[in-house]
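The values are calculated or read from the model by the stated rules, or taken from the named source; none is laboratory data. In this text, all values refer to a predicted model and were calculated from it rather than measured experimentally. Every residue, glycine as well, gets a Cβ built from its backbone with ideal geometry; the counts of neighbours run over all protein chains shown.
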């Protein structure tokens with residue numbers, strides 16, 4: 001299937017532009033003529049991805065952030081919604097998002113609400129995104145809501161980008177160490193230890209372990225691939241189930257150093273999404289329901305679901321949080337103050353700002369500590385290998 005971009009005029013001589021997916025150009029022409037459009041041009045711009053390769057052109061968070069910012073600017077400039085969407089078709093780089101925006105423009109032009117059109121594409125636009133847009137449509141402040149949504153999405157994207165960026169260096173070094181270690185064990189160590197094995201001398205335990213591991217990796221490497229492949233797919237299958245996913249999320253919160261970082265990330269996601277929804281005019285109860293999908297952790301999702309029940313029964317939003325170890329006491333106390341003063345949006349914004357700065361400080365400290373830690377690990381690994389090979393050789397040479 002190919003993706004075509006077209007330009008045409010309708011019966012009122014108004015310009016129309018969009019995209020269509022079809023096997024050939026002739027099919028697009030027939031489809032446009034059936035709609036009563038006078039065709040100006042039809043241009044093939046790409047090929048649709050096969051289902052199994054869809055991840056190669058999936059819509060990333062960055063694509064949605066850029067779309068939100070550009071859309072908010074156009075709406076704030078009093079550009080008509082349909083026209084703004086059609087302008088964004090040319091501005092969007094991702095082919096899948098281009099197609100989605102083109103279809104959304106056609107649906108909105110046909111009378112469908114923007115939130116309804118966005119909601120039909122949950123793989124691109126989250127329930128959180130759709131709920132904020134719906135609140136803007138209801139309140140008549142779509143331009144303000146879009147601008148605020150773009151700001152908050154950019155903050156969330158920047159936070160996650162910094163965290164991922166901080167992990168690139170240690171991940172690269174770790175992978176390099178593993179590759180070098182495997183090459184050494186398969187090709188280098190057997191040659192170095194051959195003389196020790198042939199001598200028949202009594203070798204230290206570390207040397208015997210090294211020789212055994214090297215021989216196993218050189219001769220039975222396929223078995224290692226089977227073991228690691230089985231573990232990988234087994235863990236993925238277990239994590240894909242609710243019980244396994246909950247167990248993984250629980251472990252994340254209990255990890256040394258990183259557990260606290262994960263906790264703060266989930267808290268910021270919760271407070272930022274709640275703040276965005278409340279500012280957009282969504283009720284606290286509905287905001288909590290949307291936040292369960294945004295937070296990204298089963299433990300916090302359970303806490304929020306319990307909170308929803310408490311709020312619907314007329315209790316405080318902080319009644320569940322105050323008894324949970326996963327929520328800092330400061331958060332539950334500030335939420336309680338926000339409810340009593342009627343300034344929940346301000347309180348949520350302050351909590352978000354505070355913990356966002358703390359996340360930044362933790363990531364900066366991790367970057368500072370990671371390099372010497374990696375050097376220590378490398379030193380220990382090299383030391384063990386030297387002790388297992390060089391010392392036996394030295395002892396063997398000194399016997400002659």
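Results, tabulated for the structure shown:
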quantity: Some residue of region 21-39 being assigned to a strand (DSSP E or B) and modelled with pLDDT of 75 or more; calculated: yes
quantity: Candidates 362, 389, 384 - the one that is in contact with a helix residue (DSSP H, G or I) (Cβ under 6 Å, 6 or more places away or on another chain) and under 30 Å from residue 208 (Cα atoms); calculated: 389
quantity: Residue check for residue 217: surrounded by 12 or more Cβ atoms within 10 Å (Cβ to Cβ), without any contact (Cβ under 8 Å) to a residue 40 or more places away in the chain, assigned by TED's automatic domain parsing to the domain that holds residue 164 and over 33 Å from the mean Cα position of the chain (by Cα); calculated: yes
quantity: Every residue from region 295-315 that is more than 21 Å from residue 247 (Cβ to Cβ), touching a helix residue (DSSP H, G or I) at 6+ places or on another chain (Cβ under 9 Å) and modelled with pLDDT under 90; calculated: 310, 311, 312, 315
quantity: Meets criteria (free of Cβ contacts under 8 Å to residues at least 12 places away in the same chain, part of a helix (DSSP H, G or I) and over 30 Å from residue 193 (Cβ atoms)) for residue 368; calculated: yes
quantity: Criterion (touching a residue at least 12 places away in the same chain (Cβ under 8 Å), in the same structural domain as residue 239 (by TED's automatic domain parsing) and over 24 Å from residue 142 (Cα atoms)) met by exactly one of 295, 282; calculated: 295
